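Okay, structure first, notes after.
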Amino acid sequence: MAGAIIENMSTKKLCIVGGILLVFQVIAFLVGGLIAPSPTTAVSYTSMKCIDVRKNHHKTKWLVPWGANYCEKLKDFDEAMSRQIEANDIVFAVHVPHPGKEMSPWFQFMLFIMQLDIAFKMDNDLRENAEITLDVSLAYRDNELDEWEEIAHAVEIRKLKCTFGSPKTLESEGRHYDCDFLPFMEIGSVAHKYYLINIRLPVNERKGINVGIGEIKDIRLVGIHQNGGFTKVWFAMKTFLTPSILIIMVWYWRRIMLMTRAPVLLEKVIFALGISMTFINIPVEWFSIGFDWTWMLLFGDIRQGIFYAMLLSFWIIFCGEHMMDQNERNRLSGYWKQVGPIAVGSFCLFVFDMCERGVQLKNPFYSIWTTEVGTELAMAFIIVAGICLCLYFLFLCFMVFQVFRNISGKRSSLPAMSKARRLHYEGLIFRFKFLMLITLACAAMTVIFFIVSQVTEGHWKWGDITIQLNSAFFTGIYGMWNLYVFALMFLYAPSHKNYGDEQLNSDLGANSGEELQLTTTITHVDGPTKVYKLSRKEAQE
């Protein structure tokens, strides 16, 4: 009868809690799908070819493609040849944004990729494994009458990966190569209204700079930035969720402090998981609206890395604490084999991110993938992190298998146990299966929504209603993991009430000689968890 009571104990209170969390989950998806616009916007820019015949051009003057004091332009390179203008005197200028528009701090970041229009010519063919050298400068201003202020200047090299679908004959001259997009620039804030990009292709035949790169007709840029409307919805969610997780976290730790025993490992890990979730939630992004904080992208990556490391560690320790065997696991050192790969993998990804976005804080044109050494280093970090992740999942699957094997063994021994001990083990079995089901559901939803957002056009049309799938993915999954952490702290908080402790202590004392022991410390007599408390209360009723 006790087993039936344990299996049905969630029909009231747990179902109510689950229903409330499900409602909030649906709201989180609807907020992104119905209220927020798409997360990002891509804008295409075609550079203007400006003439600059002065020396040390980039140190004295910026060339603007349109507006007041716009530059002298070239229609094409045939005009440059007819006017005997050298390649070193041609500047590709791009003004961001387009005429009549302004950038906004609500855009949060700007990512630019480059596409080169390269024509085939018999006497100027594109060499295999050719590299293009870019002399690039970035400037800003907040008023159309202000002078341009430099943000960054760099000389970068990019590898050209192009294919030509026709035979390289005279008849094919003028046709364009099919070239891959090149990483160009990324900045972590949009604190100014106007930006100006000047690109030069310096030619030095003696040093082999920009030789054998074909006949470049145009340089096109695609700028990607976060939508202001999505940013406002995202900030609002963070502002709402921060106090929600903080309150449950304070409540959870206060319950633990009321116990006469010290906190056990699983309780500490759940609390650390709540801290890492709060670290993600705290809406420090509000300050990026008024301050030029270019490090926000790197800071966001670090916050997410800490949370995922804590989440993976929690799953390992949760399984270990439900082994129901004789081993002592109330120490983090007991999990060094399983937690070690998490630490190594997280460190590798952190170093990779510092090598990419850390350097971009000083040079927004930098990309670790543009050199052979950088590519090999980045791949090494990613491969090591991937190996660590595979090892982690092998350990996790093995531990889950052990838990289920032990559960099967304990079930056959349940009828011979005392009432208190039987309730204890049935509570362990129930909550393990309950949390495993929730965890698998969260992981499945994350994967499913990610795949759907990648293979669809980004939105669904349902009559007059447009559902933004990508926005729903971000807000829904973000809200889901917040609810997951919230549910953990609610269900695993020690109870401050004692239901039948005298009888329970008597049963434990009378059966202290039994072979099976209460090795899972989280359901200690001095402080049963919320799940265990509910099971005991229903059993006595």
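The values are calculated or read from the model by the stated rules, or taken from the named source; none is laboratory data. Bear in mind the structure is a predicted one, so any value in this text is a computation, not a measurement. Cβ: placed from backbone, ideal geometry, glycine included. Neighbour counts: every protein chain shown. Side chains are part of the model used for accessible areas, which takes the heavy atoms of the whole protein and leaves out ligands, DNA and RNA. Shrake-Rupley method; radii C 1.70, N 1.55, O 1.52, S 1.80 Å.
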Among residues belonging to region 439-466 that are open to solvent by 40 Å² or more (accessible area, probe 1.4 Å), assigned to a helix (DSSP H, G or I) and touching a Leu at 6+ places or on another chain (Cβ under 9 Å), point out the one that is modelled with the highest pLDDT. 449
The condition of being surrounded by fewer than 19 Cβ atoms within 10 Å (Cβ to Cβ) and small (Gly, Ala, Ser) holds, among 309, 262, only for 262
Among the candidates 247, 270, 275, 219, single out the residue that is assigned by the TED database to the domain that holds residue 124 and either modelled with pLDDT of 90 or more or open to solvent by 40 Å² or more (accessible area, probe 1.4 Å) (or both). 219
Which one of these does residue 144 not meet: (1) modelled with pLDDT under 90; (2) more than 21 Å from residue 71 (Cβ to Cβ)? (2)
Residues in region 380-393: is at least one aliphatic (A, V, I, L, M), open to solvent by less than 20 Å² (accessible area, probe 1.4 Å), under 28 Å from residue 333 (Cβ atoms) and under 21 Å from the mean Cα position of the chain (by Cα)? yes
Selection status of residue 335, of a type outside the set (A, V, I, L, M, F, W, C), in a loop (DSSP other than H, G, I, E, B) and buried (at least 16 other Cβ atoms within 10 Å of the Cβ): no
Checklist (1) touching a Gly at 6+ places or on another chain (Cβ under 9 Å); (2) free of Cβ contacts under 8 Å to residues at least 24 places away in the same chain; (3) not basic (Lys, Arg) applied to residue 236, failing item: (1)
So, residue 241, is that one open to solvent by less than 30 Å² (accessible area, probe 1.4 Å), modelled with pLDDT of 90 or more and part of a helix (DSSP H, G or I) or not? yes
Residue check, residue 87 among the hydrophobic types (A, V, I, L, M, F, W, C), modelled with pLDDT under 90 and surrounded by fewer than 16 Cβ atoms within 10 Å (Cβ to Cβ): yes
Within region 245-286, residues in a loop (DSSP other than H, G, I, E, B), aliphatic (A, V, I, L, M) and in contact (Cβ under 8 Å) with a residue 40 or more places away in the chain come out as 258, 259, 264, 282
Of 469, 396, 435, 423, which residue is modelled with pLDDT of 85 or more and assigned by the TED database to the domain that holds residue 28? 396
Scanning region 405-416 residue by residue, the ones that are in contact with a Lys or Arg (Cβ under 9 Å, 6 or more places away or on another chain) and surrounded by 15 or more Cβ atoms within 10 Å (Cβ to Cβ) total 2
Identify, from the list 92, 109, the residue that is at pLDDT 90 or above and within 24 Å of residue 357 (Cα to Cα). 109
Please tell me if residue 344 is in a helix (DSSP H, G or I), of a type outside the set (Gly, Ala, Ser) and in contact (Cβ under 8 Å) with a residue 12 or more places away in the chain. yes
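One line per residue, one yes/no per condition, for (1) under 30 Å from residue 110 (Cα atoms); (2) modelled with pLDDT of 80 or more; (3) touching a His at 6+ places or on another chain (Cβ under 7 Å):
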{"residue": "330", "(1), (2), (3)": "no, no, no"}
{"residue": "339", "(1), (2), (3)": "no, yes, no"}
{"residue": "349", "(1), (2), (3)": "yes, yes, no"}
{"residue": "363", "(1), (2), (3)": "yes, yes, no"}
{"residue": "376", "(1), (2), (3)": "yes, yes, no"}
{"residue": "391", "(1), (2), (3)": "no, yes, no"}
{"residue": "406", "(1), (2), (3)": "no, no, no"}
Would you say residue 90 is touching a residue at least 40 places away in the same chain (Cβ under 8 Å) and in contact with a Lys or Arg (Cβ under 6 Å, 6 or more places away or on another chain)? yes
Which one of the conditions (1) assigned by the TED database to the domain that holds residue 188; (2) at pLDDT 85 or above; (3) touching a helix residue (DSSP H, G or I) at 6+ places or on another chain (Cβ under 9 Å) does residue 80 fail to meet, given that it meets all the rest? (2)
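Listed here are the residues, each with its yes/no results for (1) modelled with pLDDT under 80; (2) closer than 30 Å to residue 411 by Cβ; (3) assigned to a helix (DSSP H, G or I).
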{"site": "15", "(1), (2), (3)": "yes, yes, yes"}
{"site": "32", "(1), (2), (3)": "no, no, yes"}
{"site": "42", "(1), (2), (3)": "no, no, no"}
{"site": "58", "(1), (2), (3)": "yes, no, yes"}
Only residues that are open to solvent by less than 60 Å² (accessible area, probe 1.4 Å) and touching a residue at least 40 places away in the same chain (Cβ under 8 Å): list them for region 294-306, please. 294, 296, 297, 298, 301, 302, 305
